[in-house]
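The values are calculated or read from the model by the stated rules, or taken from the named source; none is laboratory data. As the structure is a computational prediction, the values presented were derived from the model and not from experiment. Don't worry about glycine lacking a Cβ; one is built from the backbone with ideal geometry, like all the others, and counts go over all protein chains shown.
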Amino acid sequence: MASNRNLCLSGKGVTKVFGFGRQRTVAVDHVDFDFHEGEIISLVGESGSGKTTLAKMLLGLINTSEGEIFFQGQKRDISSGAKKREYWKNIQAIFQDPYSAFNTFHKIDEVLLDCIKLRGGGKLPKEEKVKLMTDACNFVNLKFAELTNKYPFELSGGQMQRLMIARIFLLKPRILVADEPTSMVDACSRATILDYLMKLREEIGMTLIFITHDIGLAYYVSDTVYIMEHGRFVESGTADAVILRPKEPYTRRLINDVPKIYEEWDLSTV
Amino acid sequence: MLEVRDLTTKYVTRYKEDVYAVDHVSLKIEEGKTLGIAGESGCGKSTLALSLMGYYFPPLHYTSGEIIIDGQNITGMKADDVRKSILGREIAYIPQAAMNALNPTRKIIDFIGDVVRAHDPSWTKQMINDHARASFERLGLPAEVLQKYPVELSGGMKQRTVIAVSVILSPKVLIADEPSSALDVTSQKMVIKMLRDLMDTGFIKAMIFITHELPLLYNVADEIMVMYAGQIVEHATAKQAVFDPLHPYAKGLMGSIIVPESGLRSAKLTAIPGSPPNLKNPPAGCRFAERCKYARADCKVMSVPLYDVAYKRAYRCVLTELELRRAYEHGE
């Protein structure tokens, strides 16, 4: 089971407060978590539950108001730009909207070159870089030769999403945070993206953290599920335990409200 | 209630190219039934919805086919006439993300006033007020909403308001295009319950429900049509479409369903490789042949009609029902 593995990312009393006085909002409220190496974790919650805020703190994009995040057992230090860059070699993210994830002014090969540089491959000979980029594109069924001189907006949504996965292929992080990676696509492309993510995980053996409101998705992919409500974890455990035998009323309601195909969808309880 | 025969509509692009987004679609909805339309993004679901209303404006153009609403043939009517006498009264349409189209500077009641007066300028303010209040109450929405601005309402409430407004002139057929996709699960359920109530109380007589979320469609629709590249590829009852699809595309689509129910984790999610064809110059043969793992040599050249196999059951594939079933058994 996952608990035998090494700790990868963990948190004690992680809190984020926005604003102060009357506008004080506690987005994430003293949460504790232990994510293990190679585990697939889902953070599930409705809009406004604080799941994206927590993801941003995990990524070091925003600071925590209180509490500590530990990376591989060590207290995480992201106090300077250089330290942040060092940390980002280990943790990367893909977001729901591929259109806003790329710098519109950077050509695709620049985007991919940046990834190679971040991995310390800046001084490699040009042919090697091209080979790396071609491999990454092949992995997600894109043709690098066709992309080199293009800007991100010239690609279709599906291609961009795949390009994001190609970036991760080059970066080979220890942890990947996927923030609603499939909420903007239809069921069919969702399966494609999940396929690539799972293949990628096998390839580079990373920990995957899904941030999602899609309970079905969480159940399908993850080992461990955390249910979030108002900035707190209300329930956590293995996917089977949480989804099939939920204990908390909130979790139960969430699962009840999803349309299903084997059970009757009870519309009277709204 | 609504019958459509061989409807074809096209988009004309800036470069005068024709894109046939709806290609020879026929459908029929009986009173009290909900027809679901499924398909991936870009397959023509929303264009079909637009075309069904008989209200065409550039770049969408009518090419051929007939639309008959409750015995009235509206083919060939002028766009202006359609807007005045058909839309809202015979057939109402809730576009995708309609709730974001509410004017933020006007109260809901003023918006309703605009809608009603556009169809009949003789209504007085008092009449509109009374009518709006009565129909909101019938639909179980609080009447206070009428005096509020859109920003004061939650997403779910906005969507339900939009639905209430769209049926305010008691149309016979309601076309709902992804009415709940932007909402969280609880609001989604409330919207669906409202639509179901509309049907049960006879407020509307028939509904077309468009979405790519198959578990939702399964729960809402009586019959399901699967669209691919502008064509209907499968037509069946909801149960058949989900559990026993015939067309390879429908099969692939149903294989991508994710629901939080036991048995899902052991099931293998099927992804369909590739992407739909460009409709500017669609392939001569089966439009799905490029991506189909059961495709044969003649699939790419032979154009395939929609075969009726049983009452309310049709699919578009050169393989016979038996061949398909056998292929699925071996493929899994």
query = Which pairs do you get when a residue that is touching a residue at least 40 places away in the same chain (Cβ under 8 Å) and surrounded by 13 or more Cβ atoms within 10 Å (Cβ to Cβ), found in the range A:131-160, comes within reach of a residue that is aromatic (Phe, Trp, Tyr) and assigned to a loop (DSSP other than H, G, I, E, B), reach meaning Cβ atoms under 6 angstrom, with the pair 6+ apart or on two chains?
reply = A:Pro152/A:Phe102
inquiry  = Out of A:Thr15, A:Thr52, I need the residue that is part of a strand (DSSP E or B), among the polar types (S, T, N, Q) and surrounded by 14 or more Cβ atoms within 10 Å (Cβ to Cβ). Which one?
reply    = A:Thr15
query = Of the residues that sit in the range B:168-201 and are away from chain A (no Cβ under 13 Å) and either touching a Pro at 6+ places or on another chain (Cβ under 6 Å) or assigned to a loop (DSSP other than H, G, I, E, B) (or both), which one is farthest from B:Met53 (Cα to Cα)?
reply = B:Thr201
ask   = Does any residue of the range B:49-59 turn out to be surrounded by fewer than 16 Cβ atoms within 10 Å (Cβ to Cβ), over 18 Å from the mean Cα position of the chain (by Cα) and not aromatic (Phe, Trp, Tyr)?
value = yes
ask   = Is there a residue in the range A:122-134 that is more than 14 Å from chain B (Cβ to nearest Cβ) and touching a Leu at 6+ places or on another chain (Cβ under 6 Å)?
value = yes
ask   = Which one is modelled with the highest pLDDT, of the residues in the range B:174-190 that are among the acidic types (Asp, Glu) and in contact with a His (Cβ under 9 Å, 6 or more places away or on another chain)?
value = B:Glu178
note = Taking the range B:1-45 and keeping only residues that are at negative phi, within 14 Å of chain A (Cβ to nearest Cβ) and surrounded by 21 or more Cβ atoms within 10 Å (Cβ to Cβ), one is left with B:Thr34, B:Gly36, B:Ile37, B:Ala38, B:Glu40, B:Cys43, B:Lys45
query = If A:His213 passes every condition in (1) facing chain B (nearest Cβ under 7 Å); (2) without any contact (Cβ under 8 Å) to a residue 40 or more places away in the chain but one, which one does it miss?
reply = (2)
note = Of the listed residues (A:Ile108, A:Ile91), the one being at pLDDT 90 or above and either of a type in the set (Val, Ile, Thr) or touching a Pro at 6+ places or on another chain (Cβ under 6 Å) (or both) is A:Ile91
request  = Can you give me the number of residues within the range B:11-39 that are touching a Phe, Trp or Tyr at 6+ places or on another chain (Cβ under 8 Å) and assigned to a loop (DSSP other than H, G, I, E, B)?
outcome  = 1
remark   = Scanning the range A:241-270 for residues that are more than 10 Å from every other protein chain (Cβ to nearest Cβ) and either touching a strand residue (DSSP E or B) at 6+ places or on another chain (Cβ under 8 Å) or hydroxyl-bearing (Ser, Thr, Tyr) (or both) gives A:Lys247, A:Glu248, A:Tyr250, A:Thr251
message = Yes or no: the range A:20-40 includes at least one residue that is of a type in the set (A, V, I, L, M), more than 20 Å from A:Ser236 (Cα to Cα) and outside any helix (DSSP H, G or I).
response = yes
Filtered residue count, the range B:281-308, keeping only those that are loosely packed, with under 13 Cβ neighbours inside 10 Å and farther than 29 Å from B:Val12 by Cα = 4
query = Mind checking which residues of the range A:166-198 are in a loop (DSSP other than H, G, I, E, B) and more than 14 Å from chain B (Cβ to nearest Cβ)?
reply = A:Lys172, A:Pro173, A:Arg174
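Yes or no, residue by residue, for (1) touching a helix residue (DSSP H, G or I) at 6+ places or on another chain (Cβ under 7 Å); (2) β-branched (Val, Ile, Thr); (3) not assigned by TED's automatic domain parsing to the domain that holds A:Leu194:
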| site | (1), (2), (3) |
| --- | --- |
| A:Ile211 | yes, yes, no |
| A:Ser222 | yes, no, no |
| A:Glu229 | yes, no, no |
| A:Arg253 | no, no, yes |
| A:Ile261 | yes, yes, yes |
task = Counting only residues that are within 12 Å of chain A (Cβ to nearest Cβ), under 30 Å from A:Asp240 (Cβ atoms) and touching a residue at least 40 places away in the same chain (Cβ under 8 Å), give me the helices (runs of 4 or more DSSP H) lying completely in the range B:219-332 with at least 3 of them.
result = B:248-254
message = among the aliphatic types (A, V, I, L, M), crowded, with 17+ Cβ neighbours inside 10 Å and in contact with a Ser or Thr (Cβ under 6 Å, 6 or more places away or on another chain): which single residue out of B:Ile163, B:Ile109, B:Ile168, B:Ile175 fits that description?
response = B:Ile168
ask   = Given the structure, is A:Arg201 in the same structural domain as A:Gly45 (by TED's automatic domain parsing), part of a helix (DSSP H, G or I) and under 23 Å from A:Met57 (Cα atoms)?
value = yes
remark   = A:Asp109 vs (1) within 27 Å of A:Cys8 (Cα to Cα); (2) touching a Ser or Thr at 6+ places or on another chain (Cβ under 9 Å): all pass except (1)
query = Looking only at the range B:9-25, which residues are closer than 11 Å to B:Thr47 by Cα and of a type in the set (Lys, Arg)?
reply = B:Lys10
